[in-house]
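Asker: Quick one: structure below, then a few questions.
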Number of protein chains: 2
Amino acid sequence: MHLVAIGGSDAGISAALRARELDPATDVTVVVADEYPNFSICGIPYYFSGDVRPWQSLAHRTHADLEATGMSLRLNTLATGIDVAGQRLNVRAADGTESVIGYDELIVGTGALPSHAGITGLDQLTPADGLHVIHSMGDTFALDRDLEARDPRTAIIIGAGYVGLEMAEGFSARGIDVTVLQRGPEVLSTLDPELGSSVHEELTSHGVHVRTRTVVRSVEKDTDGLLVRADHDGQPVNLRADIVLAVVGVRPNTQLLESAGATLGAGRAVVVDEQMRTGLPHVYAAGDGVVTHHRLLGVTYLPLGTTAHKQGRVAGENAIGGDARFAGSVGTQVVKVFDLVAARTGLHDHEAHAAGFQSVTTQTTADDHKRYYPGAQPISIRITGDADNGRLLGAQLVGRLGTETAKRVDTYATALFAGLTVQQISDLDLSYTPPLGSPWDAVQAATQAWTRATIETEITV
Amino acid sequence: MHLVAIGGSDAGISAALRARELDPATDVTVVVADEYPNFSICGIPYYFSGDVRPWQSLAHRTHADLEATGMSLRLNTLATGIDVAGQRLNVRAADGTESVIGYDELIVGTGALPSHAGITGLDQLTPADGLHVIHSMGDTFALDRDLEARDPRTAIIIGAGYVGLEMAEGFSARGIDVTVLQRGPEVLSTLDPELGSSVHEELTSHGVHVRTRTVVRSVEKDTDGLLVRADHDGQPVNLRADIVLAVVGVRPNTQLLESAGATLGAGRAVVVDEQMRTGLPHVYAAGDGVVTHHRLLGVTYLPLGTTAHKQGRVAGENAIGGDARFAGSVGTQVVKVFDLVAARTGLHDHEAHAAGFQSVTTQTTADDHKRYYPGAQPISIRITGDADNGRLLGAQLVGRLGTETAKRVDTYATALFAGLTVQQISDLDLSYTPPLGSPWDAVQAATQAWTRATIETEITV
């Protein structure tokens, strides 16, 4: 039994590890396009902030760790075509040599590619021009070299999502003057703007310039560096910087599977079922290249590292004869921005409405622990619930570092998984000690406020 | 409609608040034995450590806050008898005046009293002798005065439970040399000894003397202070200290309801149903004086502040005509001991076996966040699961302050509430960012280890 996994990131490696873990008799080969398998791409911003050194420590597991599990790695090897009927994978080595790898089962984890979001000029510029993306270790080295050579004083970051804000912090830590451009009305569009605004304030209080409602049209190079042309509320704005980082999202990297006959679905990602089957015989796929089964939205596209790990694990188990199912994402995410932590799970208000729910969202502020104990800090929490049936639909939290905000969102994520109502959150037996919580945890204070604002206004007892 | 609640602590006040919140037309009177309604008894150790000053800040709400909700408080008023048929409560004021309060519905939240655990002499000694308990604000003031007057250099704490360990930290912060005596094999018997041992080490590393397997027989006063006679592994041991704090648990304070005809059940606490009805017409009860409906154990006695809040809320809602049910405890608890946080939910191994489960417990250590990001710390986690059906039965965690251990236990508590299997914990979409977590959170690393050690050893794929 020969299992081949394509992709050295979360999905491919998780699949290979799971197969080896469950059946050490399985022969597992992982085909990796570069020479950096199992690196934590999420950790790259902390390399630039200087928190993580050397870059090698970004590896979840070293090459030796991986091989110790019994898998074989084919590094610097690009998968160029799948012969589905023949169960053969065509690959090309760095020196151009073509070869063929036979497989019994194949798992494709080719991930996603940086999006250009329709910005003119991005495809003509390179790191040598000061234009960067951050999606691989190769990108990381290119940016690192450029920072060394160019010693930039100014940077523009296009996109105020997770990576954009983490990189804003990273550049600021190096003394670079950073401007973040955001298309929408507020940074971090994964949150409602009412909470995104506190992240915005955190950025500006640390000297980051933030321009919202700013749609970038083009990036071009001239003698003074890079020129970014944008529209701000319909008015043209020109901005300059020594370097530009474009982090405006990703698009699924589907070329290999598309050519092999796979179907594209939500977000133009490859359609897979909950068992990570592509429909092509003996071909599974997982990670940022495939659609996401979501417990509230059905099939959507929501690429996240945690999801890729889970999907890869399912694919690895099923490829060797198991019967695992991906239980579905609820879209849980968290980001640290300077001293603030912003987390969300489920749907925020706009998403819930767009998905057809009769949603109601309320916002509350509750202390992370009893106010009488030193160091209590408020956590702002927005609860989205279904006015029809009382079900919890989502939660968003913003609190300072040290308020256990990241793991408080997990209580909501678990409740969403279990399909609890907003009211049932009050029934949860959550932990309490005065230095770390309250008899009704902040998590529950927020849901009780939602209930008061909705259901209890109608109660007649 | 006149609702009377007896008790100024969690259950009584929660009941009164809930009734006022749901129906502001309800006339609510709260009868409070002392003059300190709604004080955070859990916060008292932090008054002695000096973290919380003045003592008034221990009030969850001030007298004025409470009256602003529209409830009436009768302070320094002892409930002496219930005339169930006549729906009248007999009370005695501090000056000895007896009076009668008529009620339509009554909620009894008389709580618990310190236990003496069969130790000779405790009932003959008082704070004036240097013998203390910590169960009320009156106890707090007595200890405070005694610390001032006696300026003790040494203290013995009998009982290494939550309050004992918090008070050990509080006394240590004041420069008092503390010895903690524990009957069982390890401190904090709410954890398996394998984890209790790290709490033990934390205590000793901060200069607290800990003596386990030490059963106290008597406390007596002589000219040199207090003499504690104990057995250690069957050998007599005599210990001396300037003051002794006895925190060996509580017993339900049931006298009022027993006299009125209520039934006693688990732990000799008053039997109530899930709606907090005592069976006596128009009489509800909640808090440390009543039995605890537990989602894993059925009816037991597990007095906790969080539970008292929930039960009080249910009683308050039902007393005014609602139909709320206490959903059941899962025994979630957390304590900070110096720089360590110890948390548990559900059952530990011994409890699960005693309750008849085919339980298996495994222990894992996992970092609180990605090791490459500065400050990663291991969290030790024990998972107890049911080998018959794979259900999660309990989790115990010990981590350092700042590792979000207190809120990680809440994920398990929520999973227990929802009846998830250990394997399903891997399906939870938990939050991840390198400074605050891992793609598989520590919570999931621990359950995956359990699954590997049990189910997957039998899998043939």
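Asker: Does B:Ala315 count as open to solvent by less than 30 Å² (accessible area, probe 1.4 Å), more than 10 Å from chain A (Cβ to nearest Cβ) and part of a helix (DSSP H, G or I)?
Answerer: yes
Asker: Would you mind telling me which numbered condition in (1) in contact (Cβ under 8 Å) with a residue 24 or more places away in the chain; (2) within 25 Å of the chain's Cα centre (by Cα); (3) at negative phi A:Glu220 fails?
Answerer: A:Glu220 satisfies all of (1) in contact (Cβ under 8 Å) with a residue 24 or more places away in the chain; (2) within 25 Å of the chain's Cα centre (by Cα); (3) at negative phi except (2).
Asker: Could you say which residue among B:Val237, B:Val299, B:Val330, B:Val270 is in the same structural domain as B:Arg211 (by TED's automatic domain parsing) and in contact with a Ser or Thr (Cβ under 8 Å, 6 or more places away or on another chain)?
Answerer: Values: B:Val299 fails: in the same structural domain as B:Arg211 (by TED's automatic domain parsing); B:Val330 fails: in the same structural domain as B:Arg211 (by TED's automatic domain parsing); B:Val270 fails: in the same structural domain as B:Arg211 (by TED's automatic domain parsing).
Matching residue, one of B:Val237, B:Val299, B:Val330, B:Val270: B:Val237.
Asker: Restricting to the range B:350-360, give me the number of residues that are in contact with a strand residue (DSSP E or B) (Cβ under 8 Å, 6 or more places away or on another chain) and open to solvent by 30 Å² or more (accessible area, probe 1.4 Å).
Answerer: Total satisfying the criteria: 5.
Asker: Would a scan of the range B:247-258 turn up a residue that is open to solvent by less than 30 Å² (accessible area, probe 1.4 Å) and of a type in the set (Gly, Ala, Ser)? First the steps, then the outcome.
Answerer: To start, the set of residues in the range B:247-258 that are open to solvent by less than 30 Å² (accessible area, probe 1.4 Å) comprises B:247, B:252, B:254, B:256-257.
Next, from what is left, pick out any that are of a type in the set (Gly, Ala, Ser): none.
No: the range B:247-258 contains no residue that is open to solvent by less than 30 Å² (accessible area, probe 1.4 Å) and of a type in the set (Gly, Ala, Ser).
Asker: Pick from the range B:427-446 the residues that are of a type in the set (Gly, Ala, Ser) and in contact (Cβ under 8 Å) with a residue 12 or more places away in the chain: which of them is nearest to A:Val314 (Cα to Cα)? Before you say what the answer is, go through the steps one by one.
Answerer: The first filter runs over the range B:427-446 and keeps only residues of a type in the set (Gly, Ala, Ser), leaving B:431, B:437-438, B:442, B:445-446.
Restricting the remaining residues to those that are in contact (Cβ under 8 Å) with a residue 12 or more places away in the chain gives B:437-438, B:442, B:445-446.
On the way: B:Gly437: 21, B:Ser438: 18, B:Ala442: 19, B:Ala445: 16, B:Ala446: 18 Å.
Among those residues, the one meeting the criterion is B:Ala445.
Asker: Would you be able to tell me the number of residues in the range A:300-312 that are within 9 Å of chain B (Cβ to nearest Cβ), in a helix (DSSP H, G or I) and not basic (Lys, Arg)? Steps first, answer last, please.
Answerer: At the first step, the residues of the range A:300-312 found to be within 9 Å of chain B (Cβ to nearest Cβ) are A:304-310.
When the remaining residues are screened for being in a helix (DSSP H, G or I), the result is A:305-310.
Now drop any that are not not basic (Lys, Arg), which leaves A:305-309.
Result for the range A:300-312: 5.
Asker: Against the definition (within 25 Å of A:Val250 (Cα to Cα), of a type in the set (D, E, K, R), more than 22 Å from the chain's Cα centre (by Cα) and assigned to a loop (DSSP other than H, G, I, E, B)), how does A:Asp123 come out, yes or no?
Answerer: yes
Asker: Being at pLDDT 95 or above and in a loop (DSSP other than H, G, I, E, B) is the filter here, so list the residues in the range A:439-461 that pass it.
Answerer: Those that are at pLDDT 95 or above and in a loop (DSSP other than H, G, I, E, B): A:Pro439, A:Trp440, A:Asp441.
Asker: Anything in the range A:218-231 that is surrounded by 14 or more Cβ atoms within 10 Å (Cβ to Cβ) and either assigned to a loop (DSSP other than H, G, I, E, B) or at pLDDT below 95 (or both)? List them, or say none.
Answerer: Correct list: A:Gly225 only.
Asker: Can you confirm whether the range B:345-352 contains a residue that is within 13 Å of another protein chain (Cβ to nearest Cβ) and among the charged types (D, E, K, R)?
Answerer: no
Asker: Report whether or not A:Arg382 is closer than 24 Å to B:Gly399 by Cβ and away from every other protein chain (no Cβ under 12 Å).
Answerer: no
Asker: Restricting the search to the range A:427-442, which residues are open to solvent by 10 Å² or more (accessible area, probe 1.4 Å) and more than 7 Å from chain B (Cβ to nearest Cβ)?
Answerer: Hit for the range A:427-442 is A:Ser438, nothing else.
Asker: Condition first: touching a strand residue (DSSP E or B) at 6+ places or on another chain (Cβ under 8 Å), assigned to a helix (DSSP H, G or I) and away from chain B (no Cβ under 14 Å). Now tell me which residues in the range A:22-72 satisfy that.
Answerer: If the condition is that a residue be touching a strand residue (DSSP E or B) at 6+ places or on another chain (Cβ under 8 Å), assigned to a helix (DSSP H, G or I) and away from chain B (no Cβ under 14 Å), then A:His63, A:Leu66, A:Glu67 are the ones that fit.
Asker: Go over the candidates A:Gly331, A:Gly321 one by one and state the one that is part of a loop (DSSP other than H, G, I, E, B), crowded, with 18+ Cβ neighbours inside 10 Å and either under 22 Å from the mean Cα position of the chain (by Cα) or at positive phi (or both).
Answerer: None of the others qualify; the one that does is A:Gly331.
Asker: Something else about it: Give the residues of the range A:170-187 that are in contact with a His (Cβ under 8 Å, 6 or more places away or on another chain) and open to solvent by less than 10 Å² (accessible area, probe 1.4 Å), sorted by residue number.
Answerer: Hits for the range A:170-187 are A:Val178, A:Val180, A:Val187.
Asker: Residue by residue through the range B:394-419, note down the ones that are on the phi < 0 side of the Ramachandran plot and within 7 Å of another protein chain (Cβ to nearest Cβ).
Answerer: Matches in the range B:394-419: B:Ala406, B:Lys407, B:Arg408, B:Val409, B:Asp410, B:Thr411, B:Ala413, B:Thr414, B:Ala415, B:Phe417, B:Ala418.
Asker: Go through (1) at positive phi; (2) at pLDDT below 95; (3) open to solvent by 30 Å² or more (accessible area, probe 1.4 Å) one by one and return the number of the condition B:Arg268 breaks.
Answerer: (2)
Asker: To continue, here is another question. If B:Ser99 satisfies all but one of (1) of a type in the set (Gly, Ala, Ser); (2) within 30 Å of B:Ala260 (Cα to Cα); (3) assigned to a loop (DSSP other than H, G, I, E, B), what's the number of the condition it fails?
Answerer: Against the list (1) of a type in the set (Gly, Ala, Ser); (2) within 30 Å of B:Ala260 (Cα to Cα); (3) assigned to a loop (DSSP other than H, G, I, E, B), B:Ser99 comes up short only on (3).
Asker: Does B:Thr364 satisfy being of a type in the set (Ser, Thr, Tyr), away from chain A (no Cβ under 14 Å) and under 16 Å from B:Ser198 (Cβ atoms)?
Answerer: yes
Results for (1) small (Gly, Ala, Ser); (2) at pLDDT below 95; (3) open to solvent by 10 Å² or more (accessible area, probe 1.4 Å); (4) under 28 Å from A:Gly267 (Cβ atoms), shown as yes or no for each residue.
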{"site": "A:Ile107", "(1), (2), (3), (4)": "no, no, no, yes"}
{"site": "A:His116", "(1), (2), (3), (4)": "no, yes, yes, yes"}
{"site": "A:Thr120", "(1), (2), (3), (4)": "no, no, yes, yes"}
{"site": "A:Met137", "(1), (2), (3), (4)": "no, no, no, yes"}
{"site": "A:Thr140", "(1), (2), (3), (4)": "no, no, no, yes"}
{"site": "A:Leu165", "(1), (2), (3), (4)": "no, no, no, yes"}
{"site": "A:Leu195", "(1), (2), (3), (4)": "no, no, no, yes"}
{"site": "A:Val199", "(1), (2), (3), (4)": "no, no, no, yes"}
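Asker: Next question, about the same structure. Could you list, in sequence order, all residues of the range A:73-96 that are closer than 28 Å to A:Val291 by Cβ and in a loop (DSSP other than H, G, I, E, B)?
Answerer: Scanning the range A:73-96 gives A:Val84, A:Ala85, A:Gly86, A:Gln87.
Asker: While we're here: When the range A:1-24 is examined, which residues are found to be under 25 Å from A:Asp83 (Cα atoms) and open to solvent by 30 Å² or more (accessible area, probe 1.4 Å)?
Answerer: A:Met1, A:His2, A:Ser9, A:Leu17, A:Arg20, listed by residue number.
Asker: Scan the range A:242-299 residue by residue and report those that are in a loop (DSSP other than H, G, I, E, B), farther than 18 Å from A:Ile82 by Cβ and without any contact (Cβ under 8 Å) to a residue 24 or more places away in the chain.
Answerer: Answer for the range A:242-299, where residues must be in a loop (DSSP other than H, G, I, E, B), farther than 18 Å from A:Ile82 by Cβ and without any contact (Cβ under 8 Å) to a residue 24 or more places away in the chain: just A:Asp273.
The values are calculated or read from the model by the stated rules, or taken from the named source; none is laboratory data. Model, not experiment: these values are computed from the prediction. Cβ sites come from the backbone with ideal geometry, for glycine too, and all protein chains shown count toward neighbours. What goes into the accessible areas is simple: the full protein's heavy atoms, side chains included, and nothing from ligands, DNA or RNA. Shrake-Rupley method; radii C 1.70, N 1.55, O 1.52, S 1.80 Å.
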